[in-house]
Each structure stands twice: as C-alpha cells, then as structure tokens.
Amino acid sequence: MRKWLIQLVARVPATAHAKLLAAFLAMVALLITLGVVGLHELSTANKRAEALVNLQQKIVSYRELQHDALVQNDSVSTALMVPSGELEYEFLLRQVNQFRSDFDRLRSLAKDAARFLGPVPQENQALSQILSNDDQLIKIVAYVVDVVRRGHVAEGRDRLMRAAPLADQLELSTGKLVVLADAEMAASIKQTREAHVHSRWMVIGFAAGSIGLALVLGYVISWSLIGPVKQMDAQLKRIASGDFSDRVEVQNRDELGALAANLNHMNEELGQLYQQLEGASRHKSAFLANMSHELRTPLNAILGYTELILDKIYGEVPDKIREVLERVQNSGRHLLGLINDVLDLSKIEAGQLTLALSDYSMADVAQTVVAAVESLAAEKKLTLTMTVPPDLPRGRGDERRITQVLLNLVGNAIKFTEAGEVAIRATVSDGQFLVAVSDTGPGISEQDQQRIFEEFQQGDGSSTRPKGGTGLGLTIAKRIVELHRGRVWVQSILGHGSTFWFALPVIVER
Amino acid sequence: MGLMGTRILVTEDNEDNRHILRDLLTSAGYEVIEAVTGEEGVRLAETQRPDLILMDVQLPGFDGYEATRRIKGNLALRQIPVIAVTSYALSGDDVKAREAGCDAYVAKPFSPRDLLVKIRECLAQGTPGAPS
C-alpha cells in the first residue's frame, strides 16, 4: 500500500516543484477549512446561547401572563360580584387592557424565540386559544361593566357567571403555555449539549485529518523524491567503479525522471565508449607486444652477429672495423632499450603490468644493482657505496621490478656524475622501505624536478641524446613504485648533487 | 665430460638466430643439431639424444614450453638439460619455463659469452634425475 502510494505519486506527470506546491496548498486549504468549521461552530453555539436567553425571558413572561390571568379573573369576579364604585370599573377595564398589551408583547417575544428554535405548533395553538378567549372575555367584561353601570347588577352577574368557563379556559391556556415553554427550555438545553459534543468531534476530526494527511503527503512525496535519488546515487557509484551493466528504473515523470533518463543515456554512452576504449587498449597492447617482438627479432640478430664478429668468431677484426662495430653495437643496444622501455610503459599504462609478488631482501636487491653497475662506476672513477642495515626486514613485492627501479636510479646517478661518489642507502620506518640514491652530480633545478618524471624528459630540457638513455626510465620507475603503492621524489640543489628517494610498503598486498 | 662430441640441440625458428647460435657453439667446440619447430625438436631429441637442448619458447606449432614438457615427460630424455630462451619482458616467463621443466632460462638478447657460461654450468651440474 505504502509502496503503491509512493509509486502513484512518482508517476504523476508533474514537476517536483508542482507536487511540493500542491501538497503545501492542500495543507493550507485544510487549515483554512479547519478555521472556517471552527468559526461556524462557534457562531452556532453563540446563537444557541442567545436563544436560551430568549427562551428564559419567554418563560418569565409566560409566568407573568399566567399570574396576570389569575389576578385579572380574581379582580373581575371580585369587582363585579361585590357592588363597587365607578373607580373600580375603570380600574378593571384598564387591567383587562393591560393583560391584552402584556399578551401582545409576549407574542412578539415568542416569535423571536421561534426564529432561533423553530416554531412550536402547540404553543401557537395555545396562543390563539388565549387570544380568542381573551377577545370574548374583554367583550363580556365590557358588556357586564356597561350593564352593571346601568344598574342591572343581577343581569351582569348572571352574564359573568356564564363567562366563568371562559376565564377558566384562559387560566388553563396560560398554564399550558408555561408548561410548554418549560419543556421547550429543557429540550433546548439538551440540544445545546448535543451540539457542543458534535462540534467538538467535528473540530477534533478535522484537526486529526489534517495532521494525518500532512504526514502521509510528506512521507509519500519525500520518498517519491528520495527513492530515485538513492537509486541514482547507487548507479553513479556503479558507473564510477566501471560497471555499466545496470540501468536505473525510476517511474517519476518529473525532473528526477528526466535526470534518471539522462543518467541511463550517459551510462549507455559511457559503457559503449568504455568497451571501445577497452578494445582499442587491447589492440594497442597486442600491437605493441607484437611490434616489439617483431622489432626485437632482427635487432637481436644484428647484436648477435656484431658480438660474434667482435669476439673474433669469424677471425681477426681490424681496429677500424672494430671501432665501427662497437658503434653499431651501442646504437643497437640503445634501440633495444627504447623498445623495451616503450613496451614496459605501454603495459603499465594499459594496466597490464601485474606485479609478481614474492618475498625479497632489499639488501640483495641493492647488492644486485651494485654488482651490475660497479664496472660503470669504476670506469668513471666514482666511489660507489651501499649502506643497508643488517636487521632490515624481508619485504614482499616484485623483486625484479624493484631491482629495475633501483638500477635506473643508480644508473642515472652514475651517468650524470663526473666526479665524487654515488651512495645507496636503505632504511625502514613506519612499515616502509626508504631507499635513497645520492650523487655529487650537477644537481637538478627546481623547475626540472617535476618534469624529469614525465616521458622523454631529462634535466635542463636537453634532449636525451647527450647522456644516452631512453628518457623513459624515471617514468617507468615512478609507475612501478606507484604500483607498489609507494612514491618517488627528488631532493636537489643545482650544483650540489641530487638525492632520489623512493618509499615502498615493506609488505605489498595485491 | 669432454668438450669434443658434446652435442647441443638448438630449437629455434628464426634462421638468423639459428645461424648465430650455430657459429657461436661450433666455434666453442660443440656439435650442433638444429630443429625449426617444436615437433622437430622433440623428434630430434628422441633420435639424436643430444647432451643439452636450447629451446626457444616462441615456436610455430606447439611452443617451447610444450616441447619441453614432452621431452621431460619421456623417461629416456628427462635427464637432458633444457635451457629456455625467451623474449624480454614477458612477465612470468621464468616461472613458466621452470614449470615446464626447463633447467635454466636465458632472456633475449643474450650475450654469447653469458650463454656459453650458462651452457657450461648446466653441462657440469649434470641433470638431477627427476626435476620436481
């Protein structure tokens, strides 16, 4: 149900902005409705209170009327049964008229009350009854007073006796009015109580409904937005890790839906590009591997024959030819070095150079390098020293490649140093081998210190030719050290020699 | 073992390399037999029983590793030392050579002098009866 709702909201073809606005407006509308309902209930309650006051007044008036009726009947019988003066008759007539005017006032009061509480048929009936009774009674009293004034007391008395039931009726009717009004009052109080309970539940219901709707809307809309964002986040992580196989399935038809569609599109494009690149890279690597093999085969023959001739396998070699052949040999070796370095670098760039991890001794590595370059150092009359503490731990890494790195650094140092010494030092600290190769050569300017680790660059911007070498050695050394999760750097002051450092984790895991 | 009469089987598909090895080994006093393919190398090893085999690993047909496996799998031939000759920089070639049963390993380009040293070492050691 929850999921269904979220998906429903997600599928609504409106922008996220419109959805949020709609939800906000819905909440505002509910609050306004709640306010209107509250005000309406309040005003109804006020009207009821007003009606109750009216009713109260009506009851008081009815009681007065009932009292008046009694007094009037009493006065009429007293005044007319007992001989009286003109003054009493006047008073009597005034009193009868007074009753009538009280009654009229009361009827308008009853109409007011009826306006609030609805008409009461029995009351109207009683009122008309009173009206007709009173009409008759007024006429009779007026007639009797007239007869008695003229001295026909007996006739008047007789007439009055005959009107006695009318007076009783009037008394009864006013009594009935009071009873009715009392009943009406009780009913009205009951109604007011019920109305109060009703409006209380109404307000509570609206408030609870608003809160519930706000929570549901908030939850559903926020999840219809957050869900796709999370999905896309996960997809971006997959893309970043090179996995282009998945798509995001987002049902939103808003900005997020468009974003997801773009993401999928980008994913496809990237995936295709990635495949093309992978293919191209594979082709490039295969091409380079084949190429270097094909280039090497004839070169090996050239170098082999040259060496055989120089070794006098084919007989004595005149000095002039020997000199030329040595040049052929040097150029051939340089070319071979270039081919090998290019192959190495292209394999590293293609991520195809995997480390052959094994246990090794850094002391052995240094020893191997010293043995390989000793003769070169001796030729240039350089002192070659090696300082490796005996308690250096055994390392784990690609021994052949680490040897290649150190050989490159030491080879460079010897190549560029004309006099003095080349020193190899190895220490261990913080789980890392720290190897330094110092020389007393010309040094490297600060601006060249970064450049020399790039392809085909040597110090002072000169070409590789004057000092030989391929210009790829340091680049390869840097990449190999980085493959071991280590780093290479140089410290040098122009004119004061250089120290090349590399740091390697003692234990390299895959 | 006297130098005279020591026969070395050179299995190498490149004619120049065969020529160089022939000249080098002959001048060093060895007798040289030549094979161009892996099949031929195995056949000559069986029929000629050389004292040592130089095996190029990149050969047409089955390669030098396969040829070495077949030779080392033959009880009559397994004591013949085999030196694998590989191209440079193919990572793991030394491991593959050892796994195939080669007794030593030389990477191209080799110096003729170094190759001769290695050949003499192998011949002097003789071959362990059963290489592990």
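The values are calculated or read from the model by the stated rules, or taken from the named source; none is laboratory data. None of these values were measured; they are calculated from a predicted model. Here the Cβ is made from the backbone with ideal geometry for all residues, glycine too, and neighbour counts use every protein chain on show. When the accessible area is computed, the model is the full protein with side chains, heavy atoms only, and any ligands, DNA or RNA have been set aside. Shrake-Rupley method; radii C 1.70, N 1.55, O 1.52, S 1.80 Å.
Computed values, structure above
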{"read-out": "Residue mean of other protein chain beta carbons inside 10 Å, A:296-309", "value": "5"}
{"read-out": "Peptides ranked, highest mean first, by Cβ atoms within 10 Å: ranges A:295-308, A:147-160", "value": "A:295-308, A:147-160"}
{"read-out": "Percent RCO, i.e. relative contact order, over chain B, from Cα pairs under 8 Å lying at least 6 residues apart", "value": "21"}
{"read-out": "Net charge over other residues, Cβ less than 13 angstrom from the Cβ of A:Met202 (K, R count +1; D, E count -1)", "value": "-1"}
{"read-out": "Distant-in-sequence amide H partners of B:Val85 (H built 1.01 Å from N, under 5 Å)", "value": "B:Met55, B:Asp56, B:Val57, B:Val106"}
{"read-out": "Relative contact order computed over chain A (Cα-Cα under 8 Å; 6+ residues apart), in percent", "value": "12"}
{"read-out": "Listed residues A:Val141, A:Gln72, A:Gly495: farthest to the positive end of the dipole of chain A (Cβ charges)", "value": "A:Val141"}
{"read-out": "Directionally averaged projected area (convex hull, Cα atoms, segment A:259-360), nm²", "value": "11.1"}
{"read-out": "Most positive-pole-ward Cα, B:Gln48, B:Gln125, B:Gly73, against dipole of chain B from beta carbon charges", "value": "B:Gln125"}
{"read-out": "The protein assembly as shown: antiparallel DSSP beta bridges as a percent of all, rounded to 5", "value": "50"}
{"read-out": "Hits among lysines - C-alpha to C-alpha of A:Lys111 under 24 Å, sequence gap 8 or more where chains match", "value": "A:Lys47, A:Lys58, A:Lys176, A:Lys190"}
{"read-out": "Neighbourhood net charge (14 Å Cβ-Cβ; Lys/Arg +1, Asp/Glu -1) for A:Glu50", "value": "+3"}
{"read-out": "Average partner coverage of B:109-116, which counts Cβ from other chains inside 10 Å", "value": "4"}
{"read-out": "Structure-based [θ]222 nm, chain A - -39500 (n - 2.57) summed over DSSP H runs of at least 4, per residue, nearest 500", "value": "-26000 deg cm²/dmol"}
{"read-out": "Most to least packed among B:14-27, A:94-107 [average Cβ atoms within 10 Å]", "value": "B:14-27, A:94-107"}
{"read-out": "P(r) histogram, all alpha-carbon pairs of the protein assembly as shown included - 10 Å bins from 0, percent", "value": "3, 10, 12, 12, 9, 6, 5, 5, 4, 4, 4, 4, 4, 5, 5, 4, 2, 1, 0, 0"}
{"read-out": "Descending semi-axes in Å of segment B:7-124, equivalent ellipsoid built from Cα gyration tensor", "value": "18, 17, 14"}
{"read-out": "Per-residue HN-Hα couplings for segment B:65-79 [Karplus 6.51, -1.76, 1.60; θ = phi - 60°; Hz; x = Gly/Pro]", "value": "5, 5, 4, 5, 4, 5, 5, 6, x, 9, 4, 6, 10, 5, 7"}
{"read-out": "Semi-axes of the equivalent ellipsoid for segment A:111-199, Cα gyration tensor, largest first, Å", "value": "42, 11, 8"}
{"read-out": "Computed accessible area, A:Val36, all protein chains, 1.4 angstrom probe, square angstrom", "value": "90"}
